[in-house]
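Chemist: The following block contains the structure, expressed as structure tokens.
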Amino acid sequence: MQIKVAKTAGFCFGVKRAVETVYEQAETNQGKKIYTYGPIIHNEIVVNDLRQKGVEVIESEEELASLKDGIVVIRSHGVAKHIYDLLEENQIVCVDATCPFVKKIHRIVAEESAKGKEIIIIGNEKHPEVEGIKGWSETKVTVIGSKEDACRFQTSFDQELCIVSQTTFNYNKFKELVEIIEKMGYHISVLNTICSATKERQDEALCIAGEVDAMLVIGDKHSSNTQKLFEISKKACNNTYYIQTLDDLDLNQLGSSETVGITAGASTPNKIIEEVQNNVRFNF
Ligand code: F3S
């Protein structure tokens, strides 16, 4: 049996960096209280492993505000400016693992809003990354995630606008929504801040799925990007299976497959990908 593992499977650069940061902090600060503001990634296995090493997850701003000491790691999604201020006021050590690509959006929003421009974020209003980006603007921010939102948008025609995007937003949808606003005749500057990691992973999944007899997509059940990879792969390969870990792998499903493709969502640790890969290889 031939196995094709996607090169882009698993952690992207920003998530890898954030997860490694937490492990380093746990290693070098034994005995101290270490927290992540929100789960470092959407993967129960990693979060539980970190908990065993003494890293706790802070779930709310109220909880964060009540901390008296310890180290807080900011995850790759980033946070609003007032969160840094809060940590500083309370003299809590802050280790910033915000992805540099997200940090760049914070800088753009802070600078452009300081010039008086209103900010539009093309993205999902509820996503923590978008909440964080919003919190860097000095002016009004509108989040647009759908055609309906875009059509509903209005502001003064004297007002200059700056449009940025959530890093994981779909490029075609971004283009479509920007076009709707452009046609309204506003004075806008558009900055495409979409990160290529997601698209590259999706393109490679589609490509591999089109070449194999069966496809395995590995990721946490709550991971929306893994779900998306599954949908994309399923279109090109009907024998596509969604598994969280090796335990979910049913080798019978691979039956007479001669080639098996493997990809994984952005929050799937390498260890799990390797375990699945080795198991498939060993059993065929
Ligand atoms: Fe950063 Fe792109 Fe990943 S923005 S967190 S490298 S998806």
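Chemist: For the range 206-248, what are the residues that are open to solvent by 60 Å² or more (accessible area, probe 1.4 Å) and part of a helix (DSSP H, G or I)?
Modeler: Answer for the range 206-248, where residues must be open to solvent by 60 Å² or more (accessible area, probe 1.4 Å) and part of a helix (DSSP H, G or I): Leu206, Cys207, Ser224, Gln227, Lys228, Glu231, Lys234, Lys235, Asp247, Asp248.
Chemist: If I go through the range 11-37 residue by residue, how many of them are away from the ligand (no atom under 16 Å from the Cβ), assigned to a helix (DSSP H, G or I) and either polar (S, T, N, Q) or in contact with a helix residue (DSSP H, G or I) (Cβ under 8 Å, 6 or more places away or on another chain) (or both)?
Modeler: Looking only at that region, the number is 4.
Chemist: What are the pairs with Cβ atoms under 8 angstrom where one residue, in the range 174-199, is hydroxyl-bearing (Ser, Thr, Tyr) and open to solvent by less than 40 Å² (accessible area, probe 1.4 Å) and the other, located anywhere, is more than 10 Å from the ligand (Cβ to nearest atom) and assigned to a helix (DSSP H, G or I)? Sequence gap at least six, or different chains.
Modeler: Pairs found: Ser189/Glu112; Thr193/Ile108.
Chemist: Next question, about the same structure. Considering only residues that are free of Cβ contacts under 8 Å to residues at least 60 places away in the same chain and of a type in the set (A, V, I, L, M), which ones fall in the range 205-253?
Modeler: Within the range 205-253, Leu206, Ala209, Ala214, Met215, Val217, Leu229, Ile232, Ala236, Ile243, Leu246, Leu249, Leu251 meet the criteria.
Chemist: Now for a separate question. Suppose we filter Thr268, Thr259 for residues that are surrounded by fewer than 18 Cβ atoms within 10 Å (Cβ to Cβ) and touching a strand residue (DSSP E or B) at 6+ places or on another chain (Cβ under 8 Å); which single one remains?
Modeler: Going through Thr268, Thr259 in turn, just one is surrounded by fewer than 18 Cβ atoms within 10 Å (Cβ to Cβ) and touching a strand residue (DSSP E or B) at 6+ places or on another chain (Cβ under 8 Å): Thr259.
Chemist: Moving on. Kindly provide the set of residues from the range 54-79 that are open to solvent by 10 Å² or more (accessible area, probe 1.4 Å), within 14 Å of the ligand (Cβ to nearest atom) and either on the phi > 0 side of the Ramachandran plot or touching a residue at least 60 places away in the same chain (Cβ under 8 Å) (or both), ordered by number.
Modeler: Ser76, the sole residue that qualifies.
Chemist: Looking for something closer than 30 Å to Lys147 by Cα and either buried (at least 20 other Cβ atoms within 10 Å of the Cβ) or away from the ligand (no atom under 12 Å from the Cβ) (or both) - is there at least one such residue anywhere in the range 80-93?
Modeler: Within the range 80-93, one or more residues are closer than 30 Å to Lys147 by Cα and either buried (at least 20 other Cβ atoms within 10 Å of the Cβ) or away from the ligand (no atom under 12 Å from the Cβ) (or both).
Chemist: Let me confirm something: among Lys173, Lys140, Lys115, which residue is out of contact with any helix residue (DSSP H, G or I) (no Cβ under 7 Å at 6 or more places or on another chain), away from the ligand (no atom under 14 Å from the Cβ) and modelled with pLDDT under 95?
Modeler: Lys173
Chemist: State which residue is least open to solvent (accessible area, probe 1.4 Å) when the search covers only the range 107-137 and only residues that are farther than 21 Å from Lys175 by Cα and either assigned by TED's automatic domain parsing to the domain that holds Ile74 or under 20 Å from the mean Cα position of the chain (by Cα) (or both).
Modeler: Residue satisfying both the conditions and the ranking: Gly132.
Chemist: Return the pair list, or none, for Cβ contacts closer than 8 Å from residues in the range 89-102 that are among the β-branched types (Val, Ile, Thr) to residues that are open to solvent by 50 Å² or more (accessible area, probe 1.4 Å) and not in a strand (DSSP E or B), at least 6 apart or on different chains.
Modeler: Close Cβ pairs satisfying both conditions: Ile92/Asp69.
Chemist: Right, another one. Of all residues in the range 160-173, which are open to solvent by 50 Å² or more (accessible area, probe 1.4 Å) and of a type outside the set (Lys, Arg)?
Modeler: Glu160, Thr168, Asn170, Tyr171, Asn172
Chemist: Among the residues of the range 3-16, is there at least one that is more than 29 Å from Cys237 (Cβ to Cβ) and either at pLDDT 95 or above or open to solvent by less than 40 Å² (accessible area, probe 1.4 Å) (or both)?
Modeler: Checked against the condition, which is being more than 29 Å from Cys237 (Cβ to Cβ) and either at pLDDT 95 or above or open to solvent by less than 40 Å² (accessible area, probe 1.4 Å) (or both), the range 3-16 yields no hits at all.
Chemist: If you don't mind, another one. If Asn43 meets every condition in (1) modelled with pLDDT of 95 or more; (2) open to solvent by less than 20 Å² (accessible area, probe 1.4 Å); (3) not β-branched (Val, Ile, Thr) apart from one, which number is that one?
Modeler: If we test Asn43 against (1) modelled with pLDDT of 95 or more; (2) open to solvent by less than 20 Å² (accessible area, probe 1.4 Å); (3) not β-branched (Val, Ile, Thr), just (1) comes out false.
Chemist: Additional query: Applying the selection to the range 138-159, what residues are closer than 13 Å to Ile119 by Cα, in contact with a Gly (Cβ under 7 Å, 6 or more places away or on another chain) and either open to solvent by 30 Å² or more (accessible area, probe 1.4 Å) or assigned to a loop (DSSP other than H, G, I, E, B) (or both)?
Modeler: Of everything in the range 138-159, just one residue is closer than 13 Å to Ile119 by Cα, in contact with a Gly (Cβ under 7 Å, 6 or more places away or on another chain) and either open to solvent by 30 Å² or more (accessible area, probe 1.4 Å) or assigned to a loop (DSSP other than H, G, I, E, B) (or both), namely Thr139.
Chemist: For the range 105-154, which residues satisfy the criterion of being touching a Cys at 6+ places or on another chain (Cβ under 8 Å) and of a type in the set (Val, Ile, Thr)?
Modeler: Ile108, Val109, Ile119, Ile120
The values are calculated or read from the model by the stated rules, or taken from the named source; none is laboratory data. All values reported here derive from a predicted model rather than from experimental measurement. Here the Cβ is made from the backbone with ideal geometry for all residues, glycine too, and neighbour counts use every protein chain on show. With ligands, DNA and RNA removed, areas are computed over all heavy atoms of the protein, side chains included. Shrake-Rupley method; radii C 1.70, N 1.55, O 1.52, S 1.80 Å.
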